[in-house]
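Nothing in this text is a laboratory measurement; each read-out follows from the coordinates by a stated rule. Here the structure is a predicted model, which is why all the values come from computation and not from measurement. Don't worry about glycine lacking a Cβ; one is built from the backbone with ideal geometry, like all the others, and counts go over all protein chains shown.
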Amino acid sequence: MTTAPAPSAPAALRGHIVTFRGNPFLMPPQDALVDEPDGLVIIAGGRITHAGAYDATIAHLPPGTTVTDYRGCLISAGFVDTHVHYPQLPMIAAYGEQLLEWLERYTFPTESRFGDEAYATTIARKFLGELLRCGTTTAAVYCTVHPQSVDAFFGESTRLGTLMVAGKVLMDRNAPDYLRDTAQSGYDDSRRLIERWHGRNRQHYAVTPRFAPTSTPEQLELAAALLKGDDTLFMQTHLAENRAEVAWVTELFPDSRSYLDVYDRAGLVRPRSVMGHGIHIDEHDMCRCHESGCALAHCPTSNLFLGSGAFRLFDAMDARRPVRTGLGTDVGGGTSLSHLQTMNEAYKIAQMTGKRLHPVQAFWLATQGGAQALHLDDRIGTVAAGMDADLCILDPNATPLQALRAQMCDSTADVLFTLMMLGDDRSIRATWVGGRLAHDRDSGGTTGM
Ligand SMILES: [Zn+2]
């Protein structure tokens with residue numbers, strides 16, 4: 001089994017700290033923002049020990065610690081991607097179809113290759129390298145139906161020291177023979193993978209029925225049986241992404257009140273459950289998400305690319321019953337692993353629904369909001385003492401156009417807005433994982449790749 005990196009040496013980063021003290025959908029965005037233009041972050045043992053104004057924090061710097069100078073850049077918590085499929089990386093940008101045909105034509109044939117652990121390891125390595133190039137340090141990741149695809153993914157994540165959530169896809173019907181498990185084999189394989197990986201070296205297991213149409217009621221019940229008795233386990237699946245899919249679920253489960261109710265009856269709607277999309281759901285379901293602590297993953301590039309519909313972000317964040325919500329890239333349905341580009345499309349979808357997505361709200365969703373969606377906000381998503389040192393360094397002057405636009409910025413919020421509208425992987429100056437430099441744009445890339 002792959003070994004985790006040795007404990008990181010003490011380190012310190014100087015730059016413009018941007019993080020959050022609250023949810024900017026429930027309070028004025030400016031009040032939610034923690035903004036320290038000349039800040040210092042001190043790291044030891046993989047965690048942040050101090051974060052604050054440089055002048056006030058420098059006294060805590062252990063003697064001999066090197067300060068990495070990121071002045072001119074922002075120091076943010078690493079991005080949290082709440083919904084993505086690593087095996088679909090090779091088929092990103094597949095032309096022409098909507099969800100159900102897209103799965104048949106492109107996704108299933110691509111996923112068929114992941115029974116080969118060597119191939120799976122190659123793609124897992126490329127995928128994690130791309131995430132780090134995009135400033136993403138944690139993701140909730142679908143593997144394939146093959147247990148080897150999970151071993152490959154967690155093995156690579158362990159090697160890098162990243163905090164990841166992932167699981168074997170459960171799929172015992174309405175899929176090609178070569179990608180089907182059975183309710184019992186899916187249970188047995190998942191049980192073994194949980195024992196092997198869950199809670200070890202920053203890896204977390206998610207029980208992962210792909211979506212209601214590809215699991216029998218028996219498989220959904222066994223998925224819930226896997227979760228029983230362990231509140232630290234995750235569950236991830238898809239919910240109400242596309243209208244044809246919703247109609248199919250109504251046919252397959254005629255006794256259920258709604259698509260969410262299919263999962264609820266099986267016992268899968270709970271804290272640490274993450275539902276991808278949740279576009280076509282009603283008020284009753286929103287309330288159920290709120291009270292259960294389950295989360296929705298908003299995947300704007302995917303929803304636009306596959307023509308699935310417009311997620312009602314501001315409805316989900318309604319102060320009367322806010323639903324835990326994070327951003328997802330949903331590659332390969334999504335068109336980018338960059339959360340900057342994901343925020344860009346989230347802004348446009350909000351505009352289409354008559355709402356303004358404030359840049360502080362967008363960056364909160366990408367960091368602290370995503371961490372809350374996964375119930376991991378006590379460890380990641382915020383730049384503060386005691387948190388894991390998973391950080392991304394954002395460069396507002398990464399391209400000539402961005403440098404030109406940056407001259408017009410008169411507030412931190414405007415700097416954030418230009419980053420989310422014009423930025424991409426070039427805007428990520430560096431990514432730190434567990435207190436260790438994991439990606440450095442200017443020295444040629446990602447370490448350990
Ligand atoms: Zn998906």
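The figures follow:
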| read-out | value |
| --- | --- |
| Overall Cα dimensions of segment 20-146 - principal axes, largest extent first, Å | 58, 39, 24 |
| Proximal charge balance of Cys392 [Cβ under 15 Å; K/R count +1, D/E count -1] | -4 |
| For segment 64-75, 3J(HN,Hα) per residue [Karplus equation, 6.51 cos²θ - 1.76 cosθ + 1.60, θ = phi - 60°, Hz, x = Gly/Pro] | x, 7, 6, 9, 7, 8, 10, 4, x, 10, 9, 9 |
| Segment 127-193 versus segment 230-307: alpha-carbon centroid distance in Å | 20 |
| Whole-percent pair-distance distribution, where bins are 10 Å wide, for the alpha carbons of segment 7-56 | 26, 39, 28, 7 |
| Value of relative contact order over the chain, rounded to a whole percent, pairs C-alpha under 8 Å and six or more apart | 20 |
| Helix-only CD estimate at 222 nm, as mean residue ellipticity for the chain, using -39500 (n - 2.57) per DSSP H run (n ≥ 4) | -9500 deg cm²/dmol |
| GNM flexibility winner over the chain from Ala77, Ala295, Ala53 (Cα, springs under 10 Å) | Ala53 |
| Long-range HN-HN contacts of Val34 with modeled amide H, under 5 Å | Thr19, Phe20, Arg21 |
| Measure of compaction for segment 335-449 (Cα Rg per 2.2 N^0.38 Å) | 1.11 |
| Set of aspartates and glutamates with alpha-carbon distance to Lys126 below 15 Å, sequence-local pairs under 8 removed | Glu117, Glu156, Asp425 |
| Of Ala140, Ala398, Ala56, the one that fluctuates the most in a GNM where the chain has Cα springs shorter than 10 Å | Ala56 |
| Area projected by the alpha carbon convex hull of the chain, averaged over all directions, nm² | 20.0 |
| Other-chain or far-sequence residues with amide H under 5 Å of Thr49's (modelled H) | Ile42, Ile43, Ala44, Gly386 |
| Per residue, the convex hull volume that the Cα atoms of segment 55-123 enclose (Å³) | 201 |
| For Leu252, net neighbour charge (Lys/Arg +1, Asp/Glu -1) across residues whose Cβ lies under 12 Å away | -2 |
| Rounded to 5, percent antiparallel among DSSP beta bridges of segment 1-144 | 60 |
| Cα-based reach from Lys228 at 20 Å (exclusive), listing lysines while leaving out same-chain residues under 8 positions away | Lys168 |
| Neighbourhood net charge (11 Å Cβ-Cβ; Lys/Arg +1, Asp/Glu -1) for Thr412 | -4 |
| For segment 207-224, Karplus couplings with θ = phi - 60° (6.51, -1.76, 1.60), whole Hz, Gly/Pro x | 5, 10, x, 4, 6, 3, x, 9, 10, 6, x, 5, 5, 5, 5, 5, 4, 5 |
